[in-house]
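As structure tokens, the structure follows; a few thoughts come after it.
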Amino acid sequence: MTQRGRKFPYLLNTEDNDELIPILSPEEDDEKGGKDDSLPSLLPILPIKNTVLFPGVVIPITVGRQKSIKLVKKAYRSDKIIGVVTQRNNKAEDPSPTDLYEIGTLAKIIKMITLPDGNTTIIIQGRKKFAIKEMVKTDPFFEAEVVYLNDSKIDHNKKEAKALMQSLKDAAYKILNLNPDIPQEAQMALDNISSLNFLIHFLSSNVNADANEKQKLLTFENARDRANKLLEFMFRDIQLLELKHEINSKAHTDLDQQQRDYFLRQQMKVLQDELGDGQEKEMEDLRTKGAKKKWSAKVAKHFTKELDKIARINSASPDYALALNYVEFLVDLPWNEYTRDHFDLKKAKETLDKDHFGLTKVKERIIEYLAVLKLKNDMKAPILCFYGPPGVGKTSLGKSIAKSLKRKYVRMSLGGLHDEAEIRGHRKTYIGAMAGKVLQNIKKSGSSNPVFVLDEIDKVGTDFRGDPASALLEVLDPEQNGTFADNYLEVDYDLSKVLFIATANSLDTIQPALRDRMEIIEINGYTVEEKINIAKKYLLPKLTKDHGLKSKDFSVNNEALRSVVENYTRESGVRNLERKIGALVRNVAKSVAMEQEYSKKIGIEQVAKILGAPIFDNELYEGNEDAGVVTGLAWTQVGGEIMSIEASLSKGKGGLILSGQLGDVMKESAQAALSYLRSTADSLGLDHRVFSSYDLHIHFPAGAVPKDGPSAGIAILTALASIYTQRKVKAKLAMTGEITLRGKVFPVGGLKEKILAAKRAGIQEIIVSAKNKKDIEEIEEHYRKGLQIHYVNKVEDVLKIALLDEKVANPMEWKLENLPLISQN
């Protein structure tokens, strides 16, 4: 590499110290480089980077390229004359002739020094300008035929020359005064220059300009033009130095570590103000964005007002950043920007069927809503609420609706939300204020009519910071959300075109007013058969792809899938099922990756080997051999379950003991059942003294699981009637229903889940309230197949169906038949 040599402060350098004060040569001060006919026409050419050699100026050059070292050594052994030309392209390490400027300077090598690292440093002095006529050869170094150039001279005695010299020196002195980095010796060297032509070359060599600009100075043939251009560069340098001095004066202070950052910002501010890149540019960009927005005249007026307010705030003020953030948020919202709905209902149905198995009733309701939207395009979007146990596809249904409509999809989780400001935003006056999550998600979607899923709306909390559920009332009311008021935004925003879809696991915790604003669509749990189909059609292909396998690598038969569903999962949805199938797929992936032999057909034996012993026992009917044991039906958040109810008698004073972690409602049901049984003892052939002579204990197994609700009423009464009469309960019978003191049977909910649980447990008959008949008929026929359902209005009907005439053997030490207090009928 060929470049300038050792570092030393040089004259008029305002940015760094990598130049050298030129050594003046009195002999060459007037540029007498000899007559043209005495100079060689064929010159070895030395390319240099980052600098330009001027006639009369002495500079050091470090030579690193092998070609250049050969050239220098050969020239130093002969006449020491070389041609110096600046490279156009500084990055070229092996320049071609096209990488060099055409005009260079004849130079004489004054001294050559070989350094320990192999590089060579030469001190050269410029003599005369030349132009390359033709490049004769390029190897082992450049050699060219040149033509020498004679610049026009300025007569020193003319007033113009004196004025020009004085202007150049004044500018140079001013730079010396403004730049403390230049040594005082530079002023002495400047004072000793009396030749105008040499002064121009001297200052051109040292002016703060890049190599391309210096090359332009060398190219000028007219010395006056060169001097004027040089003055232009020097005045630019003076302006930069004065600006730097002004910045230093404005920002001058006793700096500590914290103030240093402030000082740098002040410097940036002054520079931005000078360049026009500061506050005005930001304002102009915001105005341009605002002009393209489709907002109303009221919002446009508010936006302009806020912009004018920002223009009056100092950009260093904390209020400036707050006001700027507000205006940027305002302009980034998708005002009246809507995506075009795709109302192909057949394709929408195909999309729903492809993404979700079953859920026929739910899909029909969704298609109905889409049909209404298609017929009346300006209709306000409905507010849907998908309600059901976890893992049944409520959230993913929202995504499928967005896909079928080709709308943007937004999801906001409300689980654990307890601050009203999360919905409605903070007021601008607060530090760190921001808009509510609703508008933030609208901004993120880039559309004012996305499908907006409000996930887990039943888990919204309430505390001293406000009630988010109440804040949602405005969001989810079609009559109000057309003018939704966010505290941060301060202007109304139209949410009426947004298709809100809420999801919930329980309706009990949803505020009644909020529930009233939503169309509830219940999504029940899947049957075993549906889960097997979902596993085959959706889960297995998805997991196979996710684990880098192919369908030919393995297969899982229906018996194995049934075993996974029944023995390793206990849920209404399919999340745990996906995890268990994932364990099967990972086992196959491990065998494939390790190139081990494995069974490509996964059956029940392989499932047990991979997943271990079954986690859950099947909920099977336990039989009717003991008195006081009845099977009830329960609803849980993960689906339906069967529930055994056990009653026993012991010698005592008529006390009642309830166990099994029962809630208040269930305790009251047990008390109501006992009271009814006492009032109707005669009809069952019971002696009234039995209730005061024996203690009654009612137990609900799985004591660690909380239980509550009125639906176990008829099952409790049947258990009591069985234990007191010692009559067997009908085999494979389950029941659910609420009772009253008058013996009426009231309807209950969750019947589909309860029916599914009964089928899993092998139950053949179910007793329910006659008022539940309409609910039973809404359940698909294949769910009810194989079950005999009895509809009852009174408790007497329940006991007629449930109790057999046959008595059971009493496992207690005493026998009921020998007790005088218990009827022998």
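If you go through region 678-716 and pick out every residue that is open to solvent by 10 Å² or more (accessible area, probe 1.4 Å) and in a loop (DSSP other than H, G, I, E, B), you end up with 16. Within region 66-77, not a single residue is assigned to a loop (DSSP other than H, G, I, E, B) and either surrounded by fewer than 23 Cβ atoms within 10 Å (Cβ to Cβ) or at pLDDT 90 or above (or both). With the condition kept exactly as written, say whether any residue in region 728-739 is more than 20 Å from Ala634 (Cβ to Cβ) and either of a type in the set (D, E, K, R) or open to solvent by less than 10 Å² (accessible area, probe 1.4 Å) (or both). Yes, region 728-739 has at least one match. Kindly establish whether Lys169 is touching a residue at least 12 places away in the same chain (Cβ under 8 Å), open to solvent by 90 Å² or more (accessible area, probe 1.4 Å) and closer than 22 Å to Leu218 by Cα. So Lys169 fails the test. Checked against the criterion of being touching a residue at least 40 places away in the same chain (Cβ under 8 Å) and assigned to a helix (DSSP H, G or I), region 762-772 contains not a single residue that satisfies it.
Would you confirm whether or not region 601-622 contains a residue that is assigned to a loop (DSSP other than H, G, I, E, B), open to solvent by 40 Å² or more (accessible area, probe 1.4 Å), touching a Pro at 6+ places or on another chain (Cβ under 9 Å) and under 30 Å from Lys807 (Cβ atoms)? Even if it seems obvious, please write down each step before you answer.
Restricting attention to region 601-622, the residues satisfying the condition of being assigned to a loop (DSSP other than H, G, I, E, B) are 603, 612-622.
Those still in the list that are open to solvent by 40 Å² or more (accessible area, probe 1.4 Å) too: 613-618, 620-622.
Applying the additional criterion that residues be touching a Pro at 6+ places or on another chain (Cβ under 9 Å) yields none.
Scanning region 601-622, I find no residue that is assigned to a loop (DSSP other than H, G, I, E, B), open to solvent by 40 Å² or more (accessible area, probe 1.4 Å), touching a Pro at 6+ places or on another chain (Cβ under 9 Å) and under 30 Å from Lys807 (Cβ atoms), so the answer is no.
Using the structure shown, decide if Lys773 is touching a helix residue (DSSP H, G or I) at 6+ places or on another chain (Cβ under 9 Å), among the basic types (Lys, Arg) and open to solvent by 10 Å² or more (accessible area, probe 1.4 Å). Give the steps one after another, and end with the answer.
Details: touching a helix residue (DSSP H, G or I) at 6+ places or on another chain (Cβ under 9 Å): no; among the basic types (Lys, Arg): yes; open to solvent by 10 Å² or more (accessible area, probe 1.4 Å): yes.
It is false that Lys773 is touching a helix residue (DSSP H, G or I) at 6+ places or on another chain (Cβ under 9 Å), among the basic types (Lys, Arg) and open to solvent by 10 Å² or more (accessible area, probe 1.4 Å).
Applying the condition of being in a helix (DSSP H, G or I) and closer than 19 Å to Gly461 by Cα to region 488-546 and asking which residue is most open to solvent (accessible area, probe 1.4 Å) yields Asp516. Filtering region 667-710 to residues that are over 57 Å from the mean Cα position of the chain (by Cα) and of a type in the set (Lys, Arg) leaves Arg678, Arg689. Candidates Arg575, Arg579: the one that is in contact (Cβ under 8 Å) with a residue 60 or more places away in the chain, surrounded by fewer than 14 Cβ atoms within 10 Å (Cβ to Cβ), out of contact with any strand residue (DSSP E or B) (no Cβ under 9 Å at 6 or more places or on another chain) and basic (Lys, Arg) is Arg575.
Restricting attention to region 513-526, does a residue exist that is under 30 Å from Glu337 (Cα atoms) and without any contact (Cβ under 8 Å) to a residue 12 or more places away in the chain?
Applying the first criterion (under 30 Å from Glu337 (Cα atoms)) to region 513-526 yields 514-521.
Filter once more, so that each one left must be without any contact (Cβ under 8 Å) to a residue 12 or more places away in the chain: 516.
Yes: one or more hits.
Of all the criteria given as (1) within 15 Å of Ala802 (Cα to Cα); (2) in contact with a Leu (Cβ under 6 Å, 6 or more places away or on another chain), the one not satisfied by Ala673 is (1). If you go through region 653-697 and pick out every residue that is closer than 18 Å to Met643 by Cβ and either modelled with pLDDT under 85 or of a type in the set (Ser, Thr, Tyr) (or both), you end up with 2. Report, by residue number, each residue of region 547-571 that is surrounded by 15 or more Cβ atoms within 10 Å (Cβ to Cβ), in a helix (DSSP H, G or I), charged (D, E, K, R) and in contact (Cβ under 8 Å) with a residue 40 or more places away in the chain. Once the filter is applied, which keeps residues that are surrounded by 15 or more Cβ atoms within 10 Å (Cβ to Cβ), in a helix (DSSP H, G or I), charged (D, E, K, R) and in contact (Cβ under 8 Å) with a residue 40 or more places away in the chain, region 547-571 yields Asp553, Glu566. Within region 454-473, being open to solvent by 30 Å² or more (accessible area, probe 1.4 Å) and either free of Cβ contacts under 8 Å to residues at least 12 places away in the same chain or farther than 15 Å from Thr503 by Cβ (or both) holds for Thr462, Asp463, Phe464, Arg465, Asp467, Ser470, Leu473. Among the residues of region 754-767, those identified as crowded, with 22+ Cβ neighbours inside 10 Å and farther than 10 Å from Thr527 by Cβ are Lys754, Ala757, Ala758, Ile763, Ile766, Ile767. In the set (1) open to solvent by less than 70 Å² (accessible area, probe 1.4 Å); (2) within 59 Å of the chain's Cα centre (by Cα), Leu803 fails one condition alone, (2). Note on region 530-546: residues that are touching a residue at least 40 places away in the same chain (Cβ under 8 Å) and either at positive phi or of a type in the set (Asp, Glu) (or both) amount to 1. Those residues that are among the polar types (S, T, N, Q) and under 31 Å from the mean Cα position of the chain (by Cα), I need them from region 512-562; list them, please. Within region 512-562, Thr544 is the sole residue that qualifies. Quick one: in region 140-159, of everything that is charged (D, E, K, R) and touching a residue at least 40 places away in the same chain (Cβ under 8 Å), which residue is surrounded by the most Cβ atoms within 10 Å (Cβ to Cβ)? My answer is Asp151.
In the condition set (1) outside any strand (DSSP E or B); (2) in contact with a Gly (Cβ under 6 Å, 6 or more places away or on another chain); (3) not β-branched (Val, Ile, Thr), Trp635 is compliant with all but (1). The listed residues are Lys374, Lys380, Lys361, and the only one of them that is modelled with pLDDT under 85, part of a loop (DSSP other than H, G, I, E, B), open to solvent by 50 Å² or more (accessible area, probe 1.4 Å) and of a type in the set (D, E, K, R) turns out to be Lys380. Condition check for Tyr791 on (1) at pLDDT 90 or above; (2) open to solvent by less than 60 Å² (accessible area, probe 1.4 Å); (3) within 29 Å of Tyr387 (Cα to Cα); (4) in contact with a helix residue (DSSP H, G or I) (Cβ under 7 Å, 6 or more places away or on another chain): one failure, at (2). Kindly list, by first and then second residue, each pair from a residue in region 730-752 that is closer than 15 Å to Lys800 by Cα to a residue that is surrounded by fewer than 17 Cβ atoms within 10 Å (Cβ to Cβ) and among the small types (Gly, Ala, Ser), limited to pairs with Cβ atoms under 9 Å and residues at least 6 apart or on different chains. Pairs found: Ala731/Gly623; Gly743/Ser679; Val745/Ala770.
Taken together, Val451, Val438, Val392, Val410 contain a single residue that is buried (at least 17 other Cβ atoms within 10 Å of the Cβ), among the β-branched types (Val, Ile, Thr) and at pLDDT below 85, which is Val392.
Surrounded by 15 or more Cβ atoms within 10 Å (Cβ to Cβ) and of a type in the set (Val, Ile, Thr) - does that describe any residue in region 646-663? Scanning region 646-663, I find no residue that is surrounded by 15 or more Cβ atoms within 10 Å (Cβ to Cβ) and of a type in the set (Val, Ile, Thr), so the answer is no.
The values are calculated or read from the model by the stated rules, or taken from the named source; none is laboratory data. Quick caveat: nothing in here was measured; it's all calculated off a predicted structure. Backbone-built Cβ (ideal geometry, glycine too); neighbour counts: all protein chains shown. Protein only, heavy atoms only, side chains kept; ligands, DNA and RNA dropped before computing areas. Shrake-Rupley method; radii C 1.70, N 1.55, O 1.52, S 1.80 Å.
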